[in-house]
Each structure stands twice: as C-alpha cells, then as structure tokens.
Amino acid sequence: MRGTNHEDTRRFNLAAVFETVRKSGSISRVEIASRTGLRNQTITNITRELIESGLLIEAGKIKGKRGQPQTILEVNNPNACSIGIQIDKGIMTARLVDIQLNTLASYRGEMMSLEPAYIVDEIAKVINQLSTRITETQTFWGTGVAVATLINNEAPDDLLSPGWGIWKNFNLIAELSKQISTPIYLENDATAAAIGSRFSGLGNMLNNFAYLYIGNGIGAGLIVNGQPYKGAWNNAGEIGRIQWPNKGEIEYLEKLLSLSGLSRVLECPESELLMADFIEQQITLSSPQFTGWLDEAALRLKFIVNILENMLEPESIIIGSTLPNALLHKLLEHAEPLPTSICALTNRQHPRVMIAPQSNNIIATGAAAIPMYATCNPKLINLFNSTHSTPPLLA
C-alpha cells in the first residue's frame, strides 16, 4: 500500500522499513527489499534517512548469498523512546521505554481520586517527571495513556466501569494537551495490552489474535491482520459487558470473571489476589468458595472463547492479567475441554488459548507501544485518539 502523494508515500515507506528492521533485529538492505517489495534504490534512500535521523545504525557486514558482503542494519535503541501510562482503580503505573520496550524509568503510585481534573494533573506530573530521564540525543515519540473504561463519551451510563461515570463527556486528550505539548494517545486497557503483545509478547508471532485481559473487569483487545480493530466508536472488545443469566437474574460476564469478582467471593482484599503465595494457598486448600468461583468463571471463559473464535477466527486467544499465572492456568484447566468452534483444527500452529506471563506492567507497556505503533504504521494513526495527526518521526 502506498500513499496518495509523494509525501504520503515517503512516510509510509519510512515506517514500513523501520518496522521491518525493528522486528528483525538485524537485517540487510537486500532482505528488507525482499520483505517489503520496495525497490533497492528506495531502500537505499530510506535507510540513509533513518540512519541520519539516529533511528538505525549500521552494525557490521555479513556475506551475502553470492559471497558479496552486505551491511547489517539494526535499530539504534537509545535514540527512540516513549511513555506508557495505565490509569486503573486507585493506581497509576507508568514506564519510559526504548524502541524495544526496555524500561528506562518507571513510576507506580496511588491515586486519591478518579476525578478528571485530578487525574489530568497527575498524568502531567508523571510525564514531566519521566521526561527528565530523556537525553538530548533521544527522540521522544509521545505518551500512550490506557484507561479501564469506555472511551466513547456517549455510551450508556450502565456500561461505564464502576467509578468512571464522572468521566462521561470529559475530553481527556483535550485537557492533557493544555499541559503537555508532546503527542498523547488515548486507548482502553485491553487494546493497549494487545498492541504491547503484538510488539514484544506472544502476539509478536501472530497476525490475528484476541488478547483477553482480566483485571477489575475483563476486555478483549483485537488484532486483525496485524492491526488493532477498534470498532465504529473505538470500544470494540468490551466482552465483559456481555450479559449473562445467573440464578434468574441478568448480570455482566465480568461481575464474576474478574479480579473484583474473585475478591468478593473470597471476601479478601484485591491486593492479596496479586500475590502468588496467596493464590497457591487457595489452590492447595480448594475451599468450596474458591472451587465454586473456578467452576462458574470457567463457564464464562468457555463462552467468551466460543464467541471470539467463531466471530474472529483468531490464530490464538492470549489471556493476560495482573493475577498470578497459577490462577490463570487453573482457570483454563477448569474450562477444558474448550467448546467446539471453527478454530478447533488438528493442524494448528499455535494453541487455541495461551497464557501470557504475569506482569504489573502489561497495560503500561502496551500504552508505551502505541506511539511507536502509530509511528511505524502512519496509515493507522487516525485509529487512535491523539493530540497529533502525524507521528513526530515522520513529520
């Protein structure tokens, strides 16, 4: 795909070449041309521009197929960075990362309120604090902010996550732009996690997958043909808001299948559920409350898997959470056998469901990847709620 004019073509080709190098680690110009379909002279011009901008480096030579030495290109890690921020229930997590999502600096702190003006001030403080760690030689691509609620201000009140009702009709991007001049990108937490996985997690080897994130609620970040699927109003994947019949009443799937749902059943603080030792103890004791939650949560998980597989036909569904992996594996064990679907094939390359490594930084990492994703894929920048219409690298 090429742009509609010379400048659009340049921007698209820059991003295509850069992303090819980033994903490959080390690669020659000849191989870049082969993978992108661009002409050799175009590759020469683009790589020269990326080297001059400090984003790529020449990292030695290797013998080519015909014995001729070929120069190897690599991403110049220290020279590109971004910030990712996760806003969740009472906690703000942030990371300053390089192009390979290695952490350069981090922040984690309590939030006293979800009041919008307070959150804006706190986000601005954290961005300014982490920005002091950016050197003069580094290129800053912006900040991704992931929130645990719907982005569309016109959504019905009962669909908003608990405590987030005061955010309705509040334009976070517009308010942040009054304090921060660098690019800001807004995303929901599950989609941010999917983008992060696509960049550097299990999703890196997949072009079509769903990232099912279990937190205080549950949502699905969707990657279709290598691109995030956002829906008509940017809220696709809110699978936790599907209604579920329970003892004659209707409730949302995420009321039980979530961190808060398990906390209610076990009558314990949510913070304890994040501790591996506590979860191992619950698995060993297998109390009626815990096993009852596993059985009921597994039914909901089977239902979700069946919907995602038959609607999207993904290569795999990745489950990620701040909850310990032992709990996720136990939950998946209780969900077996998975329901029959169009994805129940014998010649699969990847399992139908995979468990991502536990991390408190899943969402913040994904949010940090969004400025990079938009920069590497300029045709997709309008998918994101952003203060800028053109990535800084390609301006």
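The values are calculated or read from the model by the stated rules, or taken from the named source; none is laboratory data. Keep in mind that this is a model prediction, so the values were computed, not measured. Methodologically, a virtual Cβ is constructed for each residue, glycine included, from the backbone with ideal geometry; neighbour enumeration extends over all protein chains shown.
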Answer yes or no as to whether Tyr185 is assigned to a strand (DSSP E or B), at pLDDT 85 or above and not assigned by TED's automatic domain parsing to the domain that holds Arg300.
yes
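For every residue, the table says whether it meets (1) free of Cβ contacts under 8 Å to residues at least 60 places away in the same chain; (2) under 21 Å from Cys81 (Cβ atoms); (3) part of a loop (DSSP other than H, G, I, E, B).
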site	(1), (2), (3)
Val21	yes, yes, no
Ser34	yes, no, no
Leu38	yes, no, yes
Thr44	yes, no, no
Glu49	yes, yes, no
Lys61	yes, no, no
Looking at (1) of a type outside the set (S, T, N, Q); (2) crowded, with 20+ Cβ neighbours inside 10 Å; (3) under 20 Å from Ser359 (Cβ atoms), which is the one condition that is false for Phe278?
(2)
Restricting the range 299-339 to residues that are of a type in the set (Asp, Glu) and assigned to a helix (DSSP H, G or I), the one surrounded by the fewest Cβ atoms within 10 Å (Cβ to Cβ) turns out to be Glu333
Just to be sure I understand, how many residues within the range 11-56 are of a type in the set (Lys, Arg) and under 20 Å from Asn79 (Cα atoms)?
4
Take the residues of the range 342-356 that are in a loop (DSSP other than H, G, I, E, B) and touching a residue at least 60 places away in the same chain (Cβ under 8 Å): which is surrounded by the fewest Cβ atoms within 10 Å (Cβ to Cβ)?
His350
